[in-house]
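The structure under discussion appears below in the form of structure tokens.
The values are calculated or read from the model by the stated rules, or taken from the named source; none is laboratory data. Source: prediction; values computed, not measured. A quick note on method: Cβ atoms are made from the backbone with ideal geometry, for glycine too, and the neighbour counts reach across all protein chains shown. These area figures cover heavy atoms from the full protein model, side chains too; ligands, DNA and RNA do not enter into them. Shrake-Rupley method; radii C 1.70, N 1.55, O 1.52, S 1.80 Å.
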Amino acid sequence: MTSRLTAREATHFREKLLRWYDENPRPLPWKSDKDPYKIWLSEIILQQTQVSQGLPYYLHFIEAYPTVRDLADASTDEVMKSWEGLGYYSRARNLHAAAKFIANERDGVFPDDYTGLLELKGVGPYTAAAIASFAYDLPHAVIDGNVYRVLSRYFGVYEAVDTTIGKKIITQLADQLISRDIPAAYNQAIMNFGALVCKPKAPVCHSCPLSNRCGAKADGSIDLLPIKSKRLIRKQRYFHYLIIIDGDNTYIEKRGVDDIWKSLYQFPILETSGVTPITSLQNWMPGYNLHLNKPKTELKQTLTHQEIHGLFYIVRDFNADTLPDSWVKKPISSLDTLAFPKMIRTFISDYF
DNA sequence: AAAACGGGGGG
DNA sequence: CCCCCAGTTTT
């Protein structure tokens, strides 16, 4: 399936959109100059993240790591701490890896074309197009959630956009629509337009400069588009955390497994498949008879594909002979400087 | 092609 | 409660 537009259709869309953007600019700090480092950083932070949520993190990163070399020279723990609370932590790990790659293998010089950008860890088609256009004025069309929505509505795309065919249709449309003269402005324009006018819910069609030729508007299918086919299944998990009080110290470990929250810290953990609180460590440390009091606190955190139930047990008389190698004894006061998942950070703040 | 990966905000 | 967010990587 191909979606070819006439030059007239494309020009109309493009010019209406650019005119709207002229009248509705959105000043953001990373747009003030064309520093690819700042643009890259902002784009990674904004992946699946709203501007309002990512902005404080961006400001912190720029201050803590003014250049890609500063970021490359930071420790993993420091970078993870800077990212704490923002979610999708692979972004932080990939960001750090890419910074080291640029600083050490490329002498601090950013790739300056789409293909080169794509080789950076954490940079996919969207981010490569964004950097290529914003930093280098190259004509690569960004395709993000806004673009899927705007184009599927305007051009009446009823193919689900989360399928190969649906993505291809949107991509072909986007590639025909982007301005060859001012690709950066065009990309900014369509994303802002999607965020402010052609919104997911309650789009502002009455003041939309494109509504007179909008396919979805014409057949009343605005709230049906874009169509998505996949539905979400959420798994329940039960994490039992041992808060071992040893004077002014406690024990923590770093999550290194292939699972959520990799590279963040946690208290010693036992996972069960059911809700029932545990009362001993028999299944994990056979022969060690320790009675666990009922959890001091229970917290729940909902992630995209799982719901985590955190049960926090206070243990004051822990004296097992041997401890797992991964456990590290730390002063309770030092926990502030390490990165923990949101739920654990909440517990620490409330309890200590 | 599908699943996994966080956390916050809006209706 | 469900959907969405300036998506990418892994399976």
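For this structure, a couple of remarks:
- Hey, A:ARG255 touching a residue at least 12 places away in the same chain (Cβ under 8 Å) and within 29 Å of the chain's Cα centre (by Cα) or not: no
- Pairs where the first residue, in region A:184-210, is in the same structural domain as A:VAL147 (by TED's automatic domain parsing) and within 11 Å of DNA strand C (Cβ to nearest atom) and the second is among the hydrophobic types (A, V, I, L, M, F, W, C) and outside any helix (DSSP H, G or I), C-beta under 6 Å, 6+ apart: A:ASN187/A:VAL142
- One residue from A:GLY310, A:GLY274, A:GLY256 being under 30 Å from A:LEU232 (Cα atoms) and in contact with a helix residue (DSSP H, G or I) (Cβ under 6 Å, 6 or more places away or on another chain): A:GLY310
- Among (1) within 13 Å of DNA strand C (Cβ to nearest atom); (2) without any contact (Cβ under 8 Å) to a residue 12 or more places away in the chain, the one test that A:THR276 misses: (1)
- Residue check for A:THR304: in the same structural domain as A:ALA339 (by TED's automatic domain parsing) and either under 26 Å from A:GLY85 (Cα atoms) or open to solvent by less than 30 Å² (accessible area, probe 1.4 Å) (or both): yes
- Flag for A:GLU15 being outside the structural domain of A:PHE340 (by TED's automatic domain parsing), modelled with pLDDT of 95 or more, surrounded by fewer than 16 Cβ atoms within 10 Å (Cβ to Cβ) and among the charged types (D, E, K, R): yes
- Taken together, the criteria place A:SER349 among residues that are without any contact (Cβ under 8 Å) to a residue 24 or more places away in the chain and either polar (S, T, N, Q) or in a loop (DSSP other than H, G, I, E, B) (or both).
Residue by residue, here is whether (1) acidic (Asp, Glu); (2) surrounded by fewer than 15 Cβ atoms within 10 Å (Cβ to Cβ) holds:
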| residue | (1), (2) |
| --- | --- |
| A:THR250 | no, no |
| A:GLU253 | yes, no |
| A:VAL257 | no, yes |
| A:ILE260 | no, no |
| A:TYR265 | no, no |
| A:LEU270 | no, no |
| A:VAL275 | no, yes |
| A:ILE278 | no, no |
| A:ASN283 | no, yes |
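- Pair list, Cβ < 6 Å and 6+ apart or interchain, from region A:134-148 residues that are assigned by TED's automatic domain parsing to the domain that holds A:TYR186 to residues that are of a type in the set (Val, Ile, Thr) and more than 13 Å from DNA strand C (Cβ to nearest atom): A:PRO139/A:ILE178; A:ALA141/A:ILE178
- Residues (more than 10 Å from DNA strand C (Cβ to nearest atom) and either more than 16 Å from A:GLY122 (Cα to Cα) or open to solvent by 50 Å² or more (accessible area, probe 1.4 Å) (or both)) located in region A:39-57: A:LEU55, A:PRO56, A:TYR57
- Total residues in region A:25-49, condition in a helix (DSSP H, G or I) and more than 16 Å from DNA strand B (Cβ to nearest atom): 8
- One residue stands out in region A:73-87 among those that are open to solvent by 10 Å² or more (accessible area, probe 1.4 Å) and in a helix (DSSP H, G or I): the one that is farthest from DNA strand B (Cβ to nearest atom), namely A:ASP73.
- Checking A:SER133 against (1) open to solvent by 20 Å² or more (accessible area, probe 1.4 Å); (2) more than 9 Å from DNA strand C (Cβ to nearest atom); (3) under 22 Å from A:ALA189 (Cα atoms); (4) not hydrophobic (A, V, I, L, M, F, W, C), the condition it does not meet: (1)
Yes/no per residue for (1) of a type in the set (A, V, I, L, M); (2) within 16 Å of DNA strand B (Cβ to nearest atom); (3) open to solvent by less than 10 Å² (accessible area, probe 1.4 Å):
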{"site": "A:VAL142", "(1), (2), (3)": "yes, no, yes"}
{"site": "A:LYS167", "(1), (2), (3)": "no, yes, no"}
{"site": "A:LEU177", "(1), (2), (3)": "yes, no, yes"}
{"site": "A:ILE182", "(1), (2), (3)": "yes, no, no"}
{"site": "A:LEU196", "(1), (2), (3)": "yes, yes, no"}
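- Those residues of region A:50-72 which are at pLDDT below 95 and part of a loop (DSSP other than H, G, I, E, B), in sequence order: A:GLN50
- For region A:233-246, the criterion of being over 16 Å from A:LEU311 (Cβ atoms) and away from DNA strand B (no atom under 13 Å from the Cβ) is met by at least one residue.
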